Amino acid sequence: MKTKELVRPMPATWFLHNRHLMRFMIRELTSFFVLAFAIFLLILLYEANRGGEEFRKFYVGVVQSGWIKAFLWLSLAFVTFHSITSFNAAPTIMAPRWGEDKVDPRIIIAANYGLWLIVSLLVLIFALSS
Amino acid sequence: MAKSNEPLVWAPFFAGAGLSALLMPVLIIITLLGSYGVPPSLDLRGLINHWFVRIVLLVLISLSLFHALHRIRFILVDLGLKAAHGLIAALCYGLAIMGTLVALLVVTGVWG
């Protein structure tokens, strides 16, 4: 006798059914902004290669335009959310041990946030002083 | 034990997650400052042309592409494109490899 395999139907809107799944999907969607900003950095590098005058035109016409400002504010919100969820997940992804004991997850999370703050400040100081 | 290619894609995904989480927010803030022209002395082109910044940007762009496209691969599968998972994986990792090559050409000044 032939048996029929039971395939549980999974609608494309599965993540709208509860708050945790919705949060999970928003976290996944931050990857589109990571991708978009990486491409934007690539375009900036390309324009910088084209010479001072070409870059100035691009800077005034594109970088200082309203839609790029809107894109950057939106990217900042989503990418910061990506950073926060990544740092909070760090103890789950890596569970280092100190001797026999697991390192307290709060120490790992605090170290990540501390490193984030130090690196951000160093980059900002470098950018504003060069 | 069955052999798996997963570590090959998981390693750049994981490295990209960490590096983009660490560097992207501050880089967006610097670009935002540039877009508002604050402070007037901020020289975005001079900054981009610094050799060390270029190396960091190359690594960041490449790993961010692998990270984002690895996630997008699974978003598309989760949204119902399970039947095309092989094609989606090939497209996503193909784009990440192509993007890395373009970044290498642009960062070294060969293109642009």
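Throughout, read-outs are computed from the coordinates displayed, never taken from laboratory work. Since the structure is predicted, the reported quantities are computational estimates derived from the model, not experimental observations. Methodologically, a virtual Cβ is constructed for each residue, glycine included, from the backbone with ideal geometry; neighbour enumeration extends over all protein chains shown.
Details
- Here each label is just a point 7 Å from Cα along the line to Cβ, and for residue A:36 and residue A:119 those points are 2.3 nm apart.
- Normalised contact order of chain A, rounded percent, pairs of Cα under 8 Å and 6 or more residues apart: 18 percent
- Highest-MSF residue in chain B out of B:79, B:87, B:27 [GNM, Cα springs under 10 Å]: B:79
- For residues of A:48-61, the mean tally of beta carbons on other chains within 10 Å: 3
- Applying 1/(1 + (r/R0)^6) with r as the Cβ-Cβ distance of residue A:94 and residue A:64 and R0 = 41 angstrom yields a FRET efficiency of 0.50.
- Residue B:3-residue B:105 pseudo-label distance in nm [points 7 Å out on the Cα-to-Cβ vector]: 3.2 nm
- Ordering of A:75-86, A:90-101, B:44-55, B:7-18 by burial proxy (mean other Cβ atoms within 10 Å per residue, highest first): A:75-86, B:7-18, B:44-55, A:90-101
- For the pair region A:1-42 / region A:115-130, the C-alpha centres are spaced 34 Å from each other.
- Averaged over B:33-45, number of beta-carbon atoms from partner chains that fall within 10 Å: 4
- Taking every residue in A:76-82 and counting other chain Cβ atoms within 10 Å of its Cβ, the average works out to 5.
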